[in-house]
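Chemist: Sharing a structure here in structure tokens format.
The values are calculated or read from the model by the stated rules, or taken from the named source; none is laboratory data. All values derive from a computational prediction rather than experimental measurement. Because the Cβ atoms are built from the backbone with ideal geometry, glycine has one as well, and the counts that use them run over all protein chains shown. Surface accessibility is based on the protein's heavy atoms, side chains included, excluding ligands, DNA and RNA. Shrake-Rupley method; radii C 1.70, N 1.55, O 1.52, S 1.80 Å.
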Amino acid sequence: MSPTVRLRFYWERYIAPTRAETDPGFRAVLDGATVIGTRVAGLFGVVVLLGAVVAAVVTGVLGGENVMDSTGQIAEVLSGTLFVYAASAVFLVVARLRPGLMLGRWLLTLFVLAGSCILAYQELVRGDFGFLAAWLSLFLLFTVGTVPFQPVQTLMLGVSITVLHTASMALAGSVGTTLDPGETVRRLVYLLLVTFLCTAMSAALYAGRRRQYRGTLRLARLRDRLQARGYELEARSAELESQQAELAASLDRLENAQSQLVQQEKMASLGQLTAGVAHELKNPLNFVNNFAQLSVELLDDLEEELGEGPQRSVGEALEQSGDLIDDLRSNATKIREHGRRADGIIRSMLAHSRATPGPSRAAPLNSLLKEYVGLAYHGMRAEHTGFNVDIRTDLDPAVSEVEMVPEEMGRVFLNLLDNALQAMRSRAGEPGYEPVLRVRSRPWGEGGAQVEISDNGAGIPESVKAKIFEPFFTTKPTGEGTGLGLSLAYEIVVHGHGGQLAVESAEGEGTAFTVSLPGQPVAHVAAA
């Protein structure tokens, strides 16, 4: 910033801030200060008027008694001087008209200059300038305390009063009044110092009004910002409430969809079980039909045998037909065995398809594994007739009954077995590949058991191994899986039975799932 620009900056900011008064808001502040200042000046004039009356009374009393002539003269001087200030009482009337800044400045300037001239004239007539500098200083202070003058305007008014005083003193010398030259210089310096002091006071008052106005503007802007921010927060709050309502609705829809998917998963599992059951029931039904047909043929043979010798006794006839009767008894026994087998398969299917699990109870784990291995295998064979699997079971006889919910654990084993069979089917057709499914059981802990179901299928990639127990995660093609099978198995084993479900897999080599059941009574099974 160049010196000229800096000088102009200080001049416009501290000495003659004319540009600041172009702001309508700040100009309104100055107009209000002018009205208040003229009202204060009028009240001061009223007080001075009362003082002038008192001074006149005192002068009359002292003059009537011919006592203290010097005091009477001082009172006379005071009475005439105070009368000049008493004229400022007219500002009370002016204040009611609410004058603007410029009008207030002009009125006060004219009052000060006119009053200064009257005071100087009175002193010149009396030939005594003892109190003139003091009265002029009071005029200047009176100006600073009322209408808001700019510092340069106060300076110019002070210089004008100083020049008027100096001219009065010079004129007094020309009319014969003798004054000490040192006294003249002292009064001139005194007035200049008072002018400087009043200018500094005017600058401080003016700058204070500007800072107050700027502070008011900043507060107004902050208030507006806070209000706008409040509106934004209210709008944001309403938006968040709307989003919360949408999220709650979405959560309800998601829970409904999840329930439907869980039901679909159960139905898919039931469909696989039904396919296995249908395939499994064929064998006992075929046996029942075949042995029933054989029994009919044996009855025909028995009838012919008995009809050949009607003259024979019953004992002889039965003895000769003993082989046929033994065959009939054997066929009936086999029909009963295969009927019971079919009944057991149907019972297993009904237990698996229950909507809610039954109570926890001790159940033979090895028998449950055999049953569901057969169901899973026959279910796979019902869909893929040309695919064969070498199933190798290693069920430890030391594993006795384990405390569990058989229906739920059956779903777990069926799901793990189905995943293993599907993983091996994905490698079907590879040269030299022979699918092998291993099912092993071992005792675990006190009364618990550990089941390992392993295959030599495609394996699980390392990148997805950590996600396989997450709900709705699946690597199956679209439409072939919901991603809930392993998630439900994890819920049933870990949360429902307090056990463990672990997986070990190598991509391209196979996968092994290990189910560990503690064998403790299960108070509650988490609803999958």
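Chemist: In nanometres, what is the gap between the two model label sites at Glu303 and Glu234, each 7 Å from Cα along Cα-to-Cβ?
Modeler: 10.0
Chemist: Nearest 0.05, what FRET efficiency do Leu285 and Asp394 give at R0 = 41 Å with Cβ-Cβ as r?
Modeler: The pair Leu285/Asp394 has a calculated efficiency of 0.85.
Chemist: Moving on. Leu437's amide H: which non-local residues (gap 5+, or another chain) put their own amide H closer than 5 Å, with H modeled 1.01 Å from N in plane and none for Pro or chain starts?
Modeler: Those qualifying (amide H under 5 Å, at least 5 residues apart or on another chain) are Asp390, Ile391, Arg392.
Chemist: Given 0.36 nm per residue, what is the gain on full extension from Leu222 to Thr166 after removing their alpha carbon distance, in nm?
Modeler: Value of the extension gain: 14.8 nm.
Chemist: Follow-up. Hey, rough spin-label estimate for Leu110 and Thr333, points 7 angstrom out along Cα→Cβ, what's it come to in nanometres?
Modeler: It works out to 14.5 nm between the two label points.
Chemist: Could you state how much accessible area Arg221 has, in square angstrom rounded to the nearest 10, with a 1.4 Å probe and all protein chains kept in place?
Modeler: The accessible area comes out at roughly 120 Å².
Chemist: To continue, here is another question. For region 359-437, which chymotrypsin sites (Phe, Trp or Tyr not before Pro) pass both filters: DSSP loop (anything but H, G, I, E, B) and at most 15 other C-beta atoms within 10 Å?
Modeler: Passing sites in region 359-437 are Phe387, Tyr433.
Chemist: Could you list which residues have their amide H under 5 Å from that of Ala449, counting only those 5 or more apart in sequence or on another chain, with H placed in the peptide plane?
Modeler: Result for Ala449 returns Trp444, Leu517, Gly519.
Chemist: Roughly how many nanometres apart are two label points built 7 Å out from the Cα toward the Cβ at Ile36 and Gln264?
Modeler: Those two pseudo-labels are separated by 7.8 nm.
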